[in-house]
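Working notes, beginning with the structure itself.
The values are calculated or read from the model by the stated rules, or taken from the named source; none is laboratory data. Bear in mind that the values here come from a model prediction, so they are computed numbers and not experimental data. Cβ atoms come from the backbone with ideal geometry, glycine included; neighbour counts cover every protein chain shown.
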């Protein structure tokens, strides 16, 4: 009996991790499409990183360096709707440079960097729309 319960619990844990990984994989494809196909006809090349966090009413923070003279796109998603993911870009003094909350949770933001700057990017779920799930973010530069 105990062996059956233990196997059942292990199966539930493995299943949960598998579902989360599949969820993140499908969201990755959504975010990737924001970089390569868009209405402006611009193509952004990924910086090679996929910033992923499985969140449960919490925030994730990533640090990166943006190089002067480049045009970037930050794209994020947390599911089938474009407006589930929130992201905020801050300088190292915690000044907000951009937040998509001020733009109806837009799934991406294009901007040009004049001077090289390290930034912190915080991602989270819009808890009015989704409480738990995977947030995927990518940063691309204009080709």
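A few comments on the model shown:
- You will find that of 41, 79, 4, 8, the residue that is modelled with pLDDT under 90 and touching a helix residue (DSSP H, G or I) at 6+ places or on another chain (Cβ under 7 Å) is 79 and no other.
- Scope the stretch 33-48; condition touching a strand residue (DSSP E or B) at 6+ places or on another chain (Cβ under 9 Å) and either in a strand (DSSP E or B) or under 23 Å from residue 101 (Cβ atoms) (or both); matching residues: 33, 34, 35, 38, 40, 44, 45, 46
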